[in-house]
Structure formats: structure tokens, C-alpha cells
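Participant: Sending over a structure as C-alpha cells; questions will come in a sec.
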Amino acid sequence: MRETPSQTAGPYLHIGLAPEGRASFGRDLRAPGVRGEAMELGGTVRDGAGEPCGDALIELWQPDAAGRFPGTPGADSAFGGYGRCACDAAGRYRFETIRPGAPFVSLLVFARGINAALHTRAYLEPAEDDVLRAAGDRAGTLMAAWDGATARFDIRLQGTGETVFLDF
Amino acid sequence: MSIGPRPEGWHPPALTPAYRSTRLRAPSHPPLAMPPGPAEEAGPVFGHLSLGPLDGDLLVNHAAPGETAIGPRIRVHGTVRDEGGRPVPHALLELWQANAGGRYRHARDGYLAPLDPNFGGCGRVMTDAEGRYAFRTIQPGPYPWPNGGNDWRPMHVHLSLFGHAFAQRLVTQLYFEGDPLTPLCPILNAVPSQAARDRLVARLDMEGTVPMDLVAWRFDVVLRGGAQTPFENRAEGL
Ligand SMILES: [Fe+2]
């Protein structure tokens, strides 16, 4: 039996995915006791006309400071590795997390006009891997830019500087 | 977990011009097909989440004491399985929907239909050990939306699911059998084949109805992965 087909999360995704008063999946992954070096990751989501996507929502998934994913043996039990951030009106998102023991974090973009979530990676350091190799001369769109403890990762859905999206 | 490549022509493509919002939001490059690695085969663990008893009961989870939401009372239930047919236990399912008049409790929804003070439109449930889930709600109403013409969303519920792997993440919409607006919907029609669109239509389930209480709708979900879909054609599969 094939996978259930995807549909857009639509313009009102906040009701279900970022409800007020429920802090389960926020943009702050630094629960008490989490080990690792603090890092902020943020950027702006823009469409093909360069306009900010104020109704997008970003999901973040990453391993702990030692590179272990939650749920795998030895992982930091205080670290959930998963967060959500609804963009503000200027299309900005921002996570407070820890530097993973791996070169990249995974991101999903949901929004009106996106029929199936767009999957990408924000690389925090240069790496030699299949994704960057396959991205070729567009690999730069997968590299975050550091400013102190903040990694900036802008997402361009379409057009000039279009982010590389991945189909796993 | 063995996760195969997504088949071509099954999911909606990024650009479906009849759904106008995709025109400036669809990437112009196709996504790079990659074999899942550790980052995609692991996934968030929600065992610590203790769901409230009303999280899966939209009839009352936003209602004043002793009151319930306005609209036809329904129960939606089904099983979450993987592509190998195995039930997915402890899968988190989140849902949101318009009220019976087709109005969302959202700052950006200015539709004429009124809000229902007793309806929030948000819920979440987890599948049991056999992969089964159920929630109670009201039948959502259809609503008009700006898409360049006279466009109406059919009755639908938005669903978000996690399996056990990040690559299984799925957000979709559930439609209702028999709604005459369903075949007209540009968002549903972004899904290329009738066979795939049919998978998004919940079926009336008279056996599951509760007499003098609510009507049941059956909606099964399939997440990616499973024993029968090995990652065959990729040189670097795990
Ligand atoms: Fe909707």
C-alpha cells in the first residue's frame, strides 16, 4: 500500500501546528539539562518574487551535541532534537538550540502553496557528503552563515538563489 | 526501517498552477533524490507527551462547561500503517479544521460565517499499540477562498502525522465521501491520480456510528517505509 498523498498545510496551519498555550514543540530546544554549546539558527523564508512568507512554518530536526539522534542509544535524554517555529510577518524564523555533533540540521518548510513539505538541510560547517556533492554549484544555498553564536540560514523557495530541496 | 524512494506521479508536484499559491512558492528545480540516512531514519520521540483527555475531543475541548460545539457530531477513526502493512503504534496525529460554518479560529480568516465560541478546531491523538486512532469533532463546513475565481474548499480536516522516522513526516487533508465540492477542489486536484485522491476521502462507517449520538467516518493512513519496500535502486542505501 502506497503512502497517503500529501496536501498543503494551508494558511491556517498555526491552529494545529503552533496552537497558543501549548509549548510542546516550540522554537527553544534547550530544555533544562541539555548538554552542548548554545546556538541560534534563524533566517528568512522568501518566495519566487522575493517576498517574505509570513505564513510559513519551519520544523527543525537534529542530533545532540555528540551527534546522536534522540531515541538512539546513548543520546542526551534531555534533548528532544525537534522544534517548530511559525514565521513572523517578515518571514523570519528563529530557533534556540545547541550545536549538533554533526555538520547539519534538517529543516522542513510548510506553508500555503506548498503541496508537500520542502525538506532541506542547513550545514553549519563544510562537509564532504553525498548531499553537498549532488547539489553541485548550488551547494552554497545549503550553507549557514555564522555571526557569533548565530547561524543564519535563509530559505528561498523559488528563483534567484533557490534553496536546494531534498527528496529522501 | 526500510524507506523506499517516493514514487513519481503519486504525490502532488510542487507546481500546480490551478492552485494559485504554488506559482511563486514551488521550487523551479526538482528536489534532489537522496537515500535516507541516520538523520531521516531516526525521528522525534513523543513518549513524554502526555495528551490531555480532551485533546482528541474537539466537541468539547474548547467549550464552556456543559456546552458543546455547534454542528453535526462525528467521530473519525482509522489505522495508521506503514507501506508494508504493519500498524504504526504511538504515532502522533495532530488535526485542525474550520467550524461547522466554514470559519477558522484564526486572525487571518475573515469569512462571513461566525465563530463558534465553543469550538477551537484543534486536537491531537496518538495511535494505540495496534496503530488505531480516533477523535470526536463536528463536521467542518465548506468555505470560499481567494484563488482567482469562485473557489470553495470542500469539507476537510487538516492532519499532521509523525511515524518513527523523520522521513515519514506527513501533512495532508481528509475529505468526506459524497461532498459535491470535493471533485472541484484545486488543492485536492493537485494530487495527480484518482487512485491517490481517493485515498484522501474518508468513508461513512455506519458500523462505527453511535446511535442517537454521532456518525463515524473511517480514514486509514499509510506512512512511508516498511519491510516490503526495500530501498532497491540506490547504490548507497543503508
Ligand atoms: Fe482548510
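Conditions tested, residue by residue: (1) surrounded by fewer than 23 Cβ atoms within 10 Å (Cβ to Cβ); (2) closer than 30 Å to B:Trp152 by Cβ; (3) among the hydroxyl-bearing types (Ser, Thr, Tyr).
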position: A:Glu3; (1), (2), (3): no, yes, no
position: A:Ala9; (1), (2), (3): no, yes, no
position: A:Asp28; (1), (2), (3): yes, no, no
position: A:Ala31; (1), (2), (3): yes, no, no
position: A:Leu41; (1), (2), (3): no, no, no
position: A:Asp55; (1), (2), (3): yes, yes, no
position: A:Pro63; (1), (2), (3): no, no, no
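Per-residue answers, yes or no, for (1) of a type outside the set (A, V, I, L, M, F, W, C); (2) within 30 Å of A:Pro52 (Cα to Cα):
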{"position": "B:Arg23", "(1), (2)": "yes, yes"}
{"position": "B:Met34", "(1), (2)": "no, yes"}
{"position": "B:Ser50", "(1), (2)": "yes, no"}
{"position": "B:Leu58", "(1), (2)": "no, no"}
{"position": "B:Gly66", "(1), (2)": "yes, no"}
{"position": "B:Arg81", "(1), (2)": "yes, no"}
{"position": "B:Gly85", "(1), (2)": "yes, no"}
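Participant: Separate question: Does B:Pro180 meet the test of being at pLDDT 95 or above and away from chain A (no Cβ under 14 Å)? Before the answer, list the steps.
Facilitator: Values: at pLDDT 95 or above: yes; away from chain A (no Cβ under 14 Å): yes.
Judged against the criteria, B:Pro180 is a match.
Participant: To continue, here is another question. Working only within region B:129-145, note down all residues that are within 13 Å of the ligand (Cβ to nearest atom) and in contact (Cβ under 8 Å) with a residue 24 or more places away in the chain. Break it down into steps so the answer makes sense when it comes.
Facilitator: Narrowing region B:129-145 to residues within 13 Å of the ligand (Cβ to nearest atom): B:140-145.
The answer is B:Pro140, B:Gly141, B:Pro142, B:Tyr143, B:Pro144.
Participant: Touching a Ser or Thr at 6+ places or on another chain (Cβ under 6 Å), of a type outside the set (Lys, Arg) and away from the ligand (no atom under 13 Å from the Cβ), is that true of B:Ala100? Break it down into steps so the answer makes sense when it comes.
Facilitator: Numbers: touching a Ser or Thr at 6+ places or on another chain (Cβ under 6 Å): no; of a type outside the set (Lys, Arg): yes; away from the ligand (no atom under 13 Å from the Cβ): yes.
Taking the combined requirement at face value, the residue does not satisfy it.
Participant: Moving to a separate point now. Exactly one of (1) under 15 Å from B:Phe135 (Cβ atoms); (2) among the small types (Gly, Ala, Ser); (3) buried (at least 22 other Cβ atoms within 10 Å of the Cβ) is unmet by B:Ala42. Its number?
Facilitator: Only one criterion is unmet by B:Ala42, namely (1).
Participant: Is at least one residue of region A:6-22 within 13 Å of chain B (Cβ to nearest Cβ), among the aromatic types (Phe, Trp, Tyr) and away from the ligand (no atom under 16 Å from the Cβ)?
Facilitator: Looking only at region A:6-22, we keep the residues that are within 13 Å of chain B (Cβ to nearest Cβ), and these are A:6-22.
So of that shortlist, the ones also among the aromatic types (Phe, Trp, Tyr) come out as A:12.
Okay, now just the ones that are also away from the ligand (no atom under 16 Å from the Cβ), so none.
No, because not a single residue in region A:6-22 is within 13 Å of chain B (Cβ to nearest Cβ), among the aromatic types (Phe, Trp, Tyr) and away from the ligand (no atom under 16 Å from the Cβ).
Participant: May I pose another question? Just to be sure, is A:Gly50 more than 8 Å from every other protein chain (Cβ to nearest Cβ), of a type in the set (Gly, Ala, Ser) and either part of a loop (DSSP other than H, G, I, E, B) or closer than 22 Å to B:His164 by Cβ (or both)? Break it down stepwise before answering.
Facilitator: On the way: more than 8 Å from every other protein chain (Cβ to nearest Cβ): yes; of a type in the set (Gly, Ala, Ser): yes; either part of a loop (DSSP other than H, G, I, E, B) or closer than 22 Å to B:His164 by Cβ (or both): yes.
The answer is yes for A:Gly50.
Participant: Further, regarding this structure: Return yes or no: is A:Ala149 modelled with pLDDT under 95 and either at the interface with chain B (Cβ under 10 Å from one of its Cβ atoms) or surrounded by fewer than 19 Cβ atoms within 10 Å (Cβ to Cβ) (or both)? Steps first, answer last, please.
Facilitator: Details: modelled with pLDDT under 95: yes; either at the interface with chain B (Cβ under 10 Å from one of its Cβ atoms) or surrounded by fewer than 19 Cβ atoms within 10 Å (Cβ to Cβ) (or both): yes.
It is true that A:Ala149 is modelled with pLDDT under 95 and either at the interface with chain B (Cβ under 10 Å from one of its Cβ atoms) or surrounded by fewer than 19 Cβ atoms within 10 Å (Cβ to Cβ) (or both).
The values are calculated or read from the model by the stated rules, or taken from the named source; none is laboratory data. Everything numeric in this text was worked out from a predicted model, so none of it was measured. Counting neighbours? That spans all protein chains shown, and the Cβs are built from the backbone with ideal geometry, glycine included.
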